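What follows is a set of notes on a single structure, which appears directly below.
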Amino acid sequence: MKSRLKPLIGLIAAPLPIIALAAAPAFAAPAAVQRVALDGNVIPAVSHSTRLGDVAADQRITVAVSLNQRDRAGLDAFLAQVTDPKSPGYQHYLTVGQFAQRFGAAPATVAKVSAYLKSQGLAVGEVTANHLTLEATGTAARVQQAFGTRLANFHDGRTGRDFYANTAQPVLPAEIAAAVSNVSGLDNYAKYRHFSSGKLFPEAAGHAPSGLSPAKARTAYNLNSAISAGYTGKGQTVAVAEFSAFQQSNITAYDKYYGLTPPTPAVVSAGGGTTDLSGQGEVELDIEVIHALAPGAAVKVYEAPNSDAGEVALYSKLVSDNVPVISISWGIYEAGETASNRVAVDTDFKEAAAQGQSVYAASGDSGSDDAGNGGTSVDFPAADPYVTGTGGTTLSTTSSGGWSRETAWSGSGGGVSSVFATPSYQTKVNTGAKRAVPDVAAVADPASGWAVYTGGGWYTYGGTSAAAPNWAAFTAVYNSEAKAKSKPAFGFANSTIYSLASSAGYGAAFHDVTSGSNGAYSAAKGYDKVTGWGSYNGAGFLKAKLG
């Protein structure tokens, strides 16, 4: 997925038992077994790239195999109830075990697919807790044999990139294909962008950094009273989804400078993790924004390789671990996501909604043209209906530091999905057939951006990558107050946001953004395709929902 950092210029139910997996039977395919191709698993770039030769037979390849969920209609019906404030089932979320038993692949199915992969000479990991993903590793020769395709090296003349990819759809024995929805990792073409940018301060190291500090941001977004009352996010966990590693020394320097004493971030590896530091500024921005606004919250940094397989492993791990709040600052233009990967990831986000996880994703920094091809397009995963897309604003404050106004930032990703239908929660403000993005916004213009310590120095960072962790941090603060008052947690964020925004409490709970544009779309009163419902007014939002 992409990350978006821009350099600055200027239903609670009784637990259900979890069925243990049966021992994997040996897979033995009949001599004349019927084989079935899995559509949507060849990337478009293969058709316009130059083939350079076959991938070396001994090259190690890791794939993520997504399994078909059970009872899709049942899950959709459950989601319609659990996300509807008017339903008696509203916010009666599932545990991971309950989800796995009702909607994950059956134990016999998991065992069958695992046995097949092993029979092809692949090393197979444990199924994820939701019973929907298996990771397998082996040589290119073994992977080609297992999935009935060829892996070749290519050069993309349009981008100048070299990559490997499967030359045809993967093919599996019919009984295995019936259980599998997606195989990711057969190519390494996709690279997810981070949505942020930063500029190194010209001042000497001893000078105070410019940009938003914790104090400035808390004042601007009206969080001081909540934090002073002890609602700091303590006891809550926020996960940041990353395709890059980071350096703890930079986080420590930031916290020390501002006198913060948050829990030390914990690293969780998915899909083998990553040692790539090319996006460390993005990761450190995410962590530092959360430390600034929710200093008591625990942060878990989920790290995965920047690849299709890494993406599937990352989101499957996040929902299997059921982290209450998730911030995503990486994405890819909607059409750049393979159809099969999109289905697999959307299944994970449906699970997140069913479990009451609040998921925020940066909407992109390319305005209404996320693909950069001169048209209009939006970013994934922000466009997924079970994700809260976060757009960007330019923030202005009063002389005392309070919120004065926000205008739409020109880079704020937004528009209309080409894939996802309009979700029920959005029908009152979106009469079109497809989902509109974003849902909310927060400061993202580098000109009014965050002070971030990264790479051994102070930078000012902007981008919608700053907006996603901002909302995630606020959700942790909300959850800590809700817990203290024995009220429900934020849960599936779009239900909470749209129900409040559509009520008489909108004006007190949100900062409506009514001016500015992102190219094809303009900000307007109420909901719009540049800033959604706008940014949050911390104290007003908390009072409206929690009293």
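Just a few scattered comments:
- Within the stretch 188-212, tally of residues that are surrounded by fewer than 17 Cβ atoms within 10 Å (Cβ to Cβ) and at pLDDT 95 or above: 0
- Elements of type helices (runs of 4 or more DSSP H) contained in the stretch 217-311, each with 1 or more residues being over 23 Å from the mean Cα position of the chain (by Cα) and more than 30 Å from Phe510 (Cα to Cα): 248-258
- Scan of the stretch 474-498 for residues that are of a type in the set (A, V, I, L, M) and either outside any helix (DSSP H, G or I) or within 15 Å of the chain's Cα centre (by Cα) (or both), ordered by number: Ala489, Ala493
- Checking each residue in the stretch 530-541 for being outside any loop (DSSP other than H, G, I, E, B) and surrounded by 24 or more Cβ atoms within 10 Å (Cβ to Cβ) picks out Gly532, Ser535, Tyr536, Gly538, Phe541.
- Filtering the stretch 120-153 to residues that are surrounded by fewer than 21 Cβ atoms within 10 Å (Cβ to Cβ) and of a type in the set (S, T, N, Q) leaves Gln120, Thr137, Thr139, Gln145, Asn153.
- Of the residues making up the stretch 391-409, at least one is among the small types (Gly, Ala, Ser), in a strand (DSSP E or B) and within 18 Å of the chain's Cα centre (by Cα).
- Inspection of the stretch 451-472 identifies no residue that is of a type outside the set (Gly, Ala, Ser), surrounded by fewer than 17 Cβ atoms within 10 Å (Cβ to Cβ) and either within 24 Å of Pro85 (Cβ to Cβ) or in contact with a Ser or Thr (Cβ under 9 Å, 6 or more places away or on another chain) (or both).
- Hits in the stretch 282-308 - residues which are small (Gly, Ala, Ser) and modelled with pLDDT under 95: Ser307
- Sole residue being modelled with pLDDT of 95 or more, surrounded by 17 or more Cβ atoms within 10 Å (Cβ to Cβ), of a type in the set (A, V, I, L, M) and out of contact with any helix residue (DSSP H, G or I) (no Cβ under 7 Å at 6 or more places or on another chain), chosen from Ala544, Ala489, Ala476, Ala482: Ala476
- Scanning the stretch 294-320 for residues that are out of contact with any Asp or Glu (no Cβ under 6 Å at 6 or more places or on another chain) and of a type in the set (S, T, N, Q) returns Asn306, Ser307, Ser320.
- Odd one out for Ser515 among (1) buried (at least 17 other Cβ atoms within 10 Å of the Cβ); (2) in contact with a strand residue (DSSP E or B) (Cβ under 6 Å, 6 or more places away or on another chain): (1)
For (1) surrounded by 20 or more Cβ atoms within 10 Å (Cβ to Cβ); (2) modelled with pLDDT under 95, each residue gets a yes or a no:
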{"site": "Gln34", "(1), (2)": "no, yes"}
{"site": "Arg51", "(1), (2)": "no, no"}
{"site": "Arg60", "(1), (2)": "no, no"}
{"site": "Pro107", "(1), (2)": "no, no"}
{"site": "Leu117", "(1), (2)": "yes, no"}
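- Output for the stretch 407-454, where each listed residue is in contact with a strand residue (DSSP E or B) (Cβ under 6 Å, 6 or more places away or on another chain) and charged (D, E, K, R): Lys434, Arg435, Asp439, Asp445
- Of all residues in the stretch 496-512, those that are over 21 Å from Ser412 (Cβ atoms) and surrounded by fewer than 20 Cβ atoms within 10 Å (Cβ to Cβ) total 7.
- Residue in the stretch 333-347 that is over 29 Å from Gln236 (Cα atoms), of a type in the set (S, T, N, Q) and in contact with a Lys or Arg (Cβ under 9 Å, 6 or more places away or on another chain) present: no
- The one condition in (1) under 32 Å from the mean Cα position of the chain (by Cα); (2) more than 25 Å from Leu122 (Cα to Cα) that Arg51 fails to fulfil: (1)
- Unique residue being over 24 Å from the mean Cα position of the chain (by Cα), modelled with pLDDT of 95 or more and among the aliphatic types (A, V, I, L, M) when the list is Ala501, Ala520: Ala520
- Only residues that are farther than 15 Å from Leu285 by Cβ, in contact with a strand residue (DSSP E or B) (Cβ under 8 Å, 6 or more places away or on another chain) and of a type in the set (Ser, Thr, Tyr) were counted across the stretch 209-225, and they come to 3.
For (1) modelled with pLDDT of 95 or more; (2) of a type in the set (A, V, I, L, M), each residue gets a yes or a no:
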site	(1), (2)
Val110	yes, yes
Val124	yes, yes
Thr139	yes, no
Gln144	yes, no
Asn182	no, no
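- When Val359, Val323 are checked against the criterion of being part of a strand (DSSP E or B) and out of contact with any Pro (no Cβ under 6 Å at 6 or more places or on another chain), a single residue qualifies: Val359.
- Test for Ala442: is it part of a strand (DSSP E or B), among the aliphatic types (A, V, I, L, M) and surrounded by 24 or more Cβ atoms within 10 Å (Cβ to Cβ): yes
The values are calculated or read from the model by the stated rules, or taken from the named source; none is laboratory data. Worth saying up front: this structure is predicted, and the values here are computed from it rather than measured. Note: ideal-geometry Cβ built from the backbone for every residue, glycine included; neighbour counts use all protein chains shown.
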